[in-house]
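The values are calculated or read from the model by the stated rules, or taken from the named source; none is laboratory data. Everything numeric here is computed off the predicted structure, so don't read it as measured data. So basically every Cβ, Gly included, is an ideal-geometry build from the backbone, and we count neighbours across all protein chains shown. Note: accessible area is taken over every heavy atom of the protein model, side chains too, but ligands, DNA and RNA are not part of it. Shrake-Rupley method; radii C 1.70, N 1.55, O 1.52, S 1.80 Å.
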Amino acid sequence: SYTDDGGDVWSGPASHPDYYGEDYLKPKHRFGAYNRICLSMRMRLDCRIINPEGVVRARFSVLNEVVIDRGSSPYLANLECFCDDVHLTTVQADGVIFATPTGSTAYSMAAGGSVVHPAVPAILVTPICPHVLSFRSMVFPDHVVLRCYVPDDARSDACVAFDGKARRELHRGDSVQIQMSAHPVPTINRVDHSSDWLNSLKRNFNFNSRVRQSPL
């Protein structure tokens, strides 16, 4: 048995402080570098569905992306997009993606969007199969307020999904307001945010991997 400094008695060999060796007490996973732990604040989006009367129907916090698409309609989605109440563009496509830097390697990348470092404060706007050659993915600063609404003359309603969940229907006159959330998600890095992110790209996507060119 073993009596600690507080007078408590512990029985059995496993309870003795010298029972476990140094190898057992070493952590199984190593986090940080140079005796420091790197913490990344992953940006989220604050999203609100607003009806024609200006009433907020629903509100969501999104880590990856907001997708507004044509749903089951056979017609192109017809959407009007604004940035800080300035008309941005009219979307005539299968849909449009509003993504965080974290979500830039998900649906947005599959739709042709840029890959953005998670420490960059930005919001990505990526069209899904646009019916025009000049509509390309755009990157906006994190302080802007983006708004996308279904016009009254649209052929059909649209649908919106938040991180692939909570799918809702958008009727004519409904809008989705998207801006940076005041509550990011803190994440612990194994080394630091650049090393973890780049290693993840190489491991999961074989980023820019090819047979090396032989010397002359």
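Could you list all residues from region 167-184 that are out of contact with any strand residue (DSSP E or B) (no Cβ under 6 Å at 6 or more places or on another chain) and either over 20 Å from His143 (Cβ atoms) or among the basic types (Lys, Arg) (or both)?
Let us first name the residues in region 167-184 that are out of contact with any strand residue (DSSP E or B) (no Cβ under 6 Å at 6 or more places or on another chain), namely 171-174, 180, 182-183.
Result: His171, Arg172, Gly173, Asp174.
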Practice problem: Test each condition in (1) modelled with pLDDT under 65; (2) open to solvent by 40 Å² or more (accessible area, probe 1.4 Å); (3) closer than 28 Å to Thr105 by Cα for Gly32 and report the one that comes out false. | Solution: (2)
Exercise. Return a yes/no flag: does region 88-104 have any residue that is in contact with a strand residue (DSSP E or B) (Cβ under 8 Å, 6 or more places away or on another chain), at negative phi, free of Cβ contacts under 8 Å to residues at least 12 places away in the same chain and not charged (D, E, K, R).
Key: no
Quiz item: In region 97-112, what residues are open to solvent by less than 30 Å² (accessible area, probe 1.4 Å) and aromatic (Phe, Trp, Tyr)?
Solution: Phe98
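Could you say which residue among Pro52, Pro118 is open to solvent by less than 50 Å² (accessible area, probe 1.4 Å), modelled with pLDDT of 90 or more and either under 24 Å from Ala166 (Cβ atoms) or in contact with a His (Cβ under 6 Å, 6 or more places away or on another chain) (or both)?
Just a single option satisfies the conditions, and that option is Pro118.
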Quiz item: If a residue has to be open to solvent by 100 Å² or more (accessible area, probe 1.4 Å) and either touching a Lys or Arg at 6+ places or on another chain (Cβ under 8 Å) or among the hydrophobic types (A, V, I, L, M, F, W, C) (or both) to count, how many in region 185-207 make the cut?
Solution: 3
Quiz item: Considering only region 175-187, how many residues are closer than 16 Å to Ala99 by Cβ and part of a loop (DSSP other than H, G, I, E, B)?
Solution: 2
Practice problem: Any chance you could count how many residues in region 188-204 are in a loop (DSSP other than H, G, I, E, B) and within 18 Å of Ser104 (Cα to Cα)? | Solution: 0
Quiz item: What tally of residues in region 163-183 results from selecting those that are acidic (Asp, Glu) and open to solvent by 10 Å² or more (accessible area, probe 1.4 Å)?
Solution: 2
